[in-house]
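**Student:** Can you read through this structure? Questions will come right after.
The values are calculated or read from the model by the stated rules, or taken from the named source; none is laboratory data. The shown structure was predicted, so the numbers you read here are calculated from the model rather than taken from an experiment. Backbone-built Cβ (ideal geometry, glycine too); neighbour counts: all protein chains shown.
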């Protein structure tokens, strides 16, 4: 994250820069409604991973051309393979009814450059697209405001636009736990954007940490987009969506009441159901690795033996998120973590505090 944005030789019309965290879903988003653009089949909730971030600068260049142009860079390297997806994202924002006319015109015919970097491995199930599109959407909102648009709720608009690039990205724009998708227990919930969970969280669940255990640092064999598409023909899909809705309501109650055991049961069940749906799809696929299962078994055994508030979750990949209460950090790090690292690739793991949101960056 120490990469400096490069100097630009071309005159700049507008520029914005944001740092945005990744997030880890506690109740999973896996499956889309047939209508809308990336509307979730069930509601989800996530914690932001405040120390695992994308750092993004978006620049609208001064240009005399009537045609749009786009260049994307990751850690200083041009990434043409990213550009078709970013073009689709910008086109979706321009077509959305919330897009101001001045920004819409620039999205259609402007010359854009994106410089981004992550401080965590790309494509390994740590929601790099959530952090990246979250940061990009925040930059777009800033540029819309700089163009004179009146934006009454910038974070809600950024969440709405981030969703158009990556569904889970809409949850990354908040520091508080973020809920995305219609749910009867959340009055302001929406399929269009995420909302922060402002209710008071019990102290026993307010201060937790996430150690991401890197079982496999390589690219996933099946992308999340492909995985979502396979849910359409999955015979268990409707039952899964109903279970997730029930889990979300129960999890919110547990978080407010301090029901730590119930919280951990739901979080682990959600992780395993996510991967069960992958294995029950046609064609089926498996993203867990032997090390993933070994880590899960050791976490459960340690919790049973020690009584510590520690559990696991998984994203769409092999890596394991080790979640634990901050008060238990010393014994988890000293007594549990050493037994888990042999199952990680090169003993790699990433540490993150939770519930820290995006930050605007000074324009370089």
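**Student:** Within the range 289-309, can you find the residues that are surrounded by fewer than 22 Cβ atoms within 10 Å (Cβ to Cβ), closer than 20 Å to residue 209 by Cβ and in contact with a helix residue (DSSP H, G or I) (Cβ under 6 Å, 6 or more places away or on another chain)?
**Tutor:** Those that are surrounded by fewer than 22 Cβ atoms within 10 Å (Cβ to Cβ), closer than 20 Å to residue 209 by Cβ and in contact with a helix residue (DSSP H, G or I) (Cβ under 6 Å, 6 or more places away or on another chain): 298, 302, 308, 309.
**Student:** Given the criteria surrounded by 22 or more Cβ atoms within 10 Å (Cβ to Cβ), within 19 Å of the chain's Cα centre (by Cα) and either without any contact (Cβ under 8 Å) to a residue 40 or more places away in the chain or part of a helix (DSSP H, G or I) (or both), does residue 132 qualify?
**Tutor:** Yes, satisfied.
**Student:** Inspect all residues belonging to the range 171-191 and state whether any of them is assigned by TED's automatic domain parsing to the domain that holds residue 309, free of Cβ contacts under 8 Å to residues at least 60 places away in the same chain and surrounded by 20 or more Cβ atoms within 10 Å (Cβ to Cβ). Give the derivation first.
**Tutor:** The first filter runs over the range 171-191 and keeps only residues assigned by TED's automatic domain parsing to the domain that holds residue 309, leaving none.
Checking the range 171-191: not a single residue is assigned by TED's automatic domain parsing to the domain that holds residue 309, free of Cβ contacts under 8 Å to residues at least 60 places away in the same chain and surrounded by 20 or more Cβ atoms within 10 Å (Cβ to Cβ).
**Student:** Quick check, is residue 214 surrounded by 22 or more Cβ atoms within 10 Å (Cβ to Cβ) and not assigned by TED's automatic domain parsing to the domain that holds residue 54?
**Tutor:** In short, yes.
**Student:** Which of the residues belonging to the range 199-227 are under 19 Å from the mean Cα position of the chain (by Cα) and farther than 28 Å from residue 283 by Cα?
**Tutor:** Across the range 199-227, the qualifying residues are 208, 209, 210, 211, 212.
Residue-by-condition table, conditions (1) buried (at least 21 other Cβ atoms within 10 Å of the Cβ); (2) without any contact (Cβ under 8 Å) to a residue 60 or more places away in the chain; (3) assigned by TED's automatic domain parsing to the domain that holds residue 345; (4) over 26 Å from residue 344 (Cβ atoms):
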site: 270; (1), (2), (3), (4): yes, no, yes, no
site: 278; (1), (2), (3), (4): no, yes, yes, no
site: 283; (1), (2), (3), (4): no, yes, yes, yes
site: 287; (1), (2), (3), (4): yes, no, yes, no
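**Student:** Sticking with this structure for a sec: Residue check, residue 150 against (1) in a loop (DSSP other than H, G, I, E, B); (2) in contact with a strand residue (DSSP E or B) (Cβ under 7 Å, 6 or more places away or on another chain), all met but one. Which one?
**Tutor:** (2)
**Student:** Which one of 27, 59 is on the phi < 0 side of the Ramachandran plot, out of contact with any helix residue (DSSP H, G or I) (no Cβ under 6 Å at 6 or more places or on another chain), at pLDDT 95 or above and surrounded by 13 or more Cβ atoms within 10 Å (Cβ to Cβ)?
**Tutor:** 59
**Student:** Still on this structure, please answer the following. If you take the residues in the range 222-244 that are part of a loop (DSSP other than H, G, I, E, B) and at pLDDT 90 or above, which one is surrounded by the fewest Cβ atoms within 10 Å (Cβ to Cβ)?
**Tutor:** Of everything passing the filter in the range 222-244, 235 is surrounded by the fewest Cβ atoms within 10 Å (Cβ to Cβ).
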